[in-house]
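The values are calculated or read from the model by the stated rules, or taken from the named source; none is laboratory data. Values in this document were obtained by computation on a predicted structure and should not be read as measured data. Note that each Cβ is placed from the backbone with ideal geometry, even for glycine, and that neighbours are counted across all protein chains shown.
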Amino acid sequence: MKQILRQDDSDRLLSAMQFRDYVWPNNPTTFETSFIKKTVQNHYPFTNFVEIEELGIIREMKGEGEFVGEGAYEEFSKMAVKCFYGTEAGLLKHPTLAPTMVKMTELKLMQEPTPNYVKYSFTFQENKPPVANAVSIPTVVQNNTVNDAVKLLESTKENADTPITNIDYKIKQGDTLTRIAKQYGTTIDEILKLNKGIKNPNLIIAGKNLNIPVKAK
């Protein structure tokens with residue numbers, strides 16, 4: 001959604017935009033609102049899987065404006081001090097939108113300023129608390145398929161409450177963690193969690209013992 005705040009005389013009847021205790025002497029010329037889905041990627045060690053965790057949707061507001069005439073640069077400096085500096089969120093009162101708690105995350109000069117003319121752009125982000133119940137979605141990268149991710153999700157749900165027991169396994173000549181994990185229906189990551197002494201997952205020594213997590217039947 002993009003709005004032009006000042007195009008003709010009727011627009012001058014709009015109330016002034018305000019953030020915290022700073023009031024714009026003339027409203028920004030443009031104002032655009034976007035909705036952004038925030039995510040974070042959690043990588044599974046020694047696999048090609050990543051888990052995408054959705055942290056929620058935030059609203060981002062961008063715009064451009066200008067100060068013209070005597071004291072233009074001083075006005076820009078005043079806006080920077082009152083709006084950009086400081087870590088606290090504040091109430092943004094927009095002429096045509098509902099008041100929103102936001103933080104100014106970017107303030108940029110769009111050209112070399114002069115004492116009598118400054119053109120600038122800004123970005124606000126809605127200040128929302130972290131989502132309590134974030135959604136975790138297993139997905140697949142590299143050479144795996146979407147079906148692999150679906151199977152992983154289904155097996156995770158099916159086995160969430162399955163009891164796990166540990167067994168001792170004596171490493172044989174030619175063994176690898178990949179083969180052992182496949183044999184016992186577990187993962188390399190789970191084996192490494194129980195065997196902290198393994199420094200290199202690609203190098204295991206025949207004759208040594210491993211603790212292997214196995215689902216109880």
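Take L5 and tell me if it is surrounded by 16 or more Cβ atoms within 10 Å (Cβ to Cβ) and modelled with pLDDT under 95. Break it down into steps so the answer makes sense when it comes.
Working: surrounded by 16 or more Cβ atoms within 10 Å (Cβ to Cβ): yes; modelled with pLDDT under 95: yes.
The answer is yes for L5.
Residues considered: E54, E64. Of these, the only one that is over 15 Å from N127 (Cβ atoms), at pLDDT below 90 and surrounded by 13 or more Cβ atoms within 10 Å (Cβ to Cβ) is E54.
Hey, could you check segment 185-212 for residues that are of a type in the set (A, V, I, L, M, F, W, C) and in a loop (DSSP other than H, G, I, E, B) and say which is nearest to N166 (Cα to Cα)?
Initial filter on segment 185-212 (of a type in the set (A, V, I, L, M, F, W, C)): 188, 191-192, 194, 198, 203-206, 210, 212.
Narrowing further to those that are in a loop (DSSP other than H, G, I, E, B): 198, 203-206.
On the way: I198: 17, L203: 22, I204: 19, I205: 20, A206: 20 Å.
The selected residue is I198.
The residue that is modelled with the highest pLDDT, among those in segment 83-99 that are surrounded by fewer than 14 Cβ atoms within 10 Å (Cβ to Cβ) and not aliphatic (A, V, I, L, M), is P99.
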